[in-house]
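The values are calculated or read from the model by the stated rules, or taken from the named source; none is laboratory data. Bear in mind that the values here come from a model prediction, so they are computed numbers and not experimental data. Cβ coordinates were reconstructed from backbone atoms using ideal geometry, including for glycine residues, and neighbour counts include every protein chain displayed. These accessible areas exclude ligands, DNA and RNA; they are computed on the full protein's heavy atoms, side chains included. Shrake-Rupley method; radii C 1.70, N 1.55, O 1.52, S 1.80 Å.
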Amino acid sequence: MDKIKNKLIFNGRLAWLYIKYQLITKGLLSLIIFPLSSKILQLLLRSTGRVNISSGDYLKFLLSFQGVGMLLLALTLLTLLIGIDVNSFIIMSALVREGRIKLTARHLLLVSIKSLRSFLKPSGILIMVYIAIVVPLVGIGISISPMKAFQIPNFITEVIFKNSLYRTVYVGILFILTFITLHYIFFLHYVLLLEYPIGDALKSASALMRKCRMAFIRDFMWWTIKWAVAATTAFSLLVLLLLAPARLLTMSLVEQRAWSVFAMLLLAELVVFAELMLVPFFCNRLTELFYRYHERHNAPVVLKIRIDAHTSDDEGFLKLRLRTKAAFGLFLLGTVSVNLILALFFAAAFDDIFRVNRQIEIVAHRGGGNLAAENTVASLEAVIRKGVAWSEIDVQRTMDGHYVVNHDSSFLRVAGESRSSSEMTLAEIKRLRVRDLFDERRSSQEVATIEEFLDASKGRIGLFVELKGSTADPKMADDIIAMIRARKMESEVAVLSLDYSLITYIEEHYPQIQTGFLYFFSIGETAQMNGDILIMEEQLATPEKIEEIHSAGKKAIVWTVNTQESIDHFLNSDIDGIITDYVPQVQEGIDRRNLRSDLEILLGYFLD
């Protein structure tokens, strides 16, 4: 019993050490480092007369003097983050392993920053970029805080998984990257703890893994499964315990809501705590294995790092002092008190805060989404029958100066023709038949012209007209806008582009025309970009960015939302519109959203 108690106290003290370090470093990042970096970035951007760079206009800036400065700033920040978020925990776990537990977070932070000198060379920078970008993709637990949610955008993975060749190559690449990452998993330990040069550290990490590969897989997998099962079980039981009173006891509606909010606040705080502890405990486990495998091969680890940390006697360390108990009790009491106050406030204004079912417009992707052959008049008619607000289409110019509706750089995918629209006349294109790739049983359709789409949509549905591909230029903008004006459809059509210069051109020459800028990354003051509608890829559509765009008086729309998880997420957000291939599923999602229980609303709000 005493052994279990001592182990719990030891892990508690270790967790408290990690918490103190996380609080100090995350405070340092949020209050000083990130704001300072943002200011420097703004100065670099404004010195070129801009406030933002995005996927639609980044190349010219990156090739400028200020662009080089931004890349250096990014590398500096990346280096610092790896030192704070990864290196420190490896060093800390080694000191804990040797019983040198008397250390301060301040000293540890200084040592971790000093440890970065080993990476200030081309090979070290490449490794840091690998740690920051590739490691989160393979998902083995080591990551720096801004990159934890890094993943390949959904619009790219969707294309990959729809094509068997792309899917095979993608899975193969991920497998290779996972193998490389695991094969050199102890690389940082050799650099940080034993102060090996980068080349020697790579060789030593590889040699150690070759000797212990099967043991590592067993030890690593067993530890991961054990903790995943324990954490899931504990969290599930806690959810049941916290939410049971609202279901089992006789309470008024306000009391039920207050208790449910209180429970959700506690659960959300536990989730945040678990996220803070994940990387530290993962690094601690790796360090334990590093020591174990070295000792197994009669090569005990001898730390080379110098840090002001001393050994603590077990009895003194494992004994909880009255002051510690009092501090912990006050912290719990304060947390519970604040949560209760917030719960009472939120319960009193529950409907105004949580049950705000924002009117979200559906935009059918490529004409009518999955309702018919893409970018055809048949798809437009199908989506009109569904009562959708907008249809999004893609316009390209033909060899003889007409405009047809097609998404890809050629007609190969949809009609079996490898030539592009600019290599064919309108007459040749009209002989093609567009297959319905969502349902091959449905009939193929004729390639549509922009005039056919405008005429079919007038007075019935709004059109998002994207100027697409290599033929998208000011002449295309002039011609399309002339067609819109001739039909008096200015209020029914928005002209879109991935090319920021085209949006700027339209804003300057045709201010009365609605414009929409499509982008999949943005740095700087996003809301200040040209365009009445800012249309962002899913990962960019955070609540903060949506609020920023709304504050600038613009609409915020997200593309392309096709998974059930994404549909449910954005239907419960403040987004103005959703571009999707799956119109019926989004409509069903809206119906479900409007019928959600209080508990479902809270689960989505606090734990999404």
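Classify the chain: rounded, prolate or oblate, from the alpha-carbon gyration tensor (a ≥ b ≥ c, eigenvalue square roots; a/c under 1.5 rounded; otherwise prolate if a/b is larger than b/c)? It is prolate, given that a/c is not under 1.5 and a/b is the larger ratio. Sorted largest first by accessible area at a 1.4 angstrom probe radius, with every protein chain in place, the residues Met251, Met221, Met536 fall in the order Met221, Met251, Met536. D by Stokes-Einstein for region 361-517, Kirkwood Rh over Cα pairs, 37 °C, 0.692 mPa s: 212 µm²/s.
Helices assigned as whole DSSP H runs in the chain whose Cα atoms extend at least 24 Å along their own long axis and whose mean Kyte-Doolittle hydropathy is -1.0 or higher are found at 2-28, 65-82, 164-183, 198-248, 253-296, 322-348.
Amide H to amide H distances under 5 Å link Gln514 with Val495, where only residues 5 or more positions off or on other chains count and H is placed in the peptide plane. A Stokes-Einstein calculation at 37 °C with viscosity 0.692 mPa s, built on the Kirkwood radius of region 378-455 over Cα pairs, returns a diffusion coefficient of 250 µm²/s. Here the chain exposes an accessible surface that is 63 percent carbon and sulfur, computed with a 1.4 Å probe and the other protein chains kept in place. The Rg/Rh ratio for region 515-590, using Cα coordinates for both the radius of gyration and the Kirkwood hydrodynamic radius, is 0.96.
Within straight cross-link reach of Lys121, meaning Cα distance under 19 Å, which aspartates and glutamates are found once same-chain residues fewer than 8 apart are removed? Straight-line reach from Lys121, under 19 Å: Glu195, Asp200. Packing order of peptides 242-248, 51-57, highest average first: 51-57, 242-248 (average count of other Cβ atoms within 10 Å over each peptide's residues). Please compare each pair in Lys468/Lys554; Lys26/Lys60; Lys488/Lys555; Lys488/Lys554; Lys39/Lys60 to a cut-off of 29 Å on the Cα-Cα distance and tell me which ones are over it. Too far apart for the 29 Å limit: Lys26/Lys60. Per residue, the accessible area of the chain comes to 50 Å², computed with a 1.4 Å probe over protein heavy atoms only.
With 5 Å bins beginning at zero, the pair-distance distribution over Cα atoms of region 190-287 amounts to 2, 10, 13, 15, 12, 10, 9, 7, 6, 5, 4, 3, 2, 0 %. Averaging over all projection directions, the Cα-based convex hull of region 417-475 occupies 5.7 nm² in the image plane. In the structure shown, the pairs Lys386/Lys545; Lys114/Lys203; Lys20/Lys211; Lys20/Lys114; Lys226/Lys545 are assessed against 27 Å; a Cα-Cα span above that value is assigned to Lys386/Lys545; Lys20/Lys211; Lys226/Lys545. Each peptide among 159-168, 367-376, 206-215 gets the average number of other Cβ atoms lying within 10 Å of its residues, and from highest to lowest they stand as 367-376, 206-215, 159-168. The value given for region 216-269 is a Kirkwood hydrodynamic radius of 13.0 Å, derived from the mean inverse Cα-Cα separation. Along the positive direction of the dipole of region 501-589 (beta-carbon charges: Lys, Arg +1; Asp, Glu -1; about the Cα centre), which of Trp559, Asn572, Thr504 reaches farthest? Towards the positive end, the residue furthest out is Thr504. By the compact-protein rule of thumb, 2.2 N^0.38 Å, the alpha-carbon radius of gyration of region 463-608 corresponds to a ratio of 1.15.
With no solvent and one equal point scatterer per Cα, compute the Debye intensity ratio I(q)/I(0) for region 557-608 at 0.23 Å⁻¹ and report its log10, rounded to two decimals. Calculated log10 I(q)/I(0) at the listed q: -0.86.
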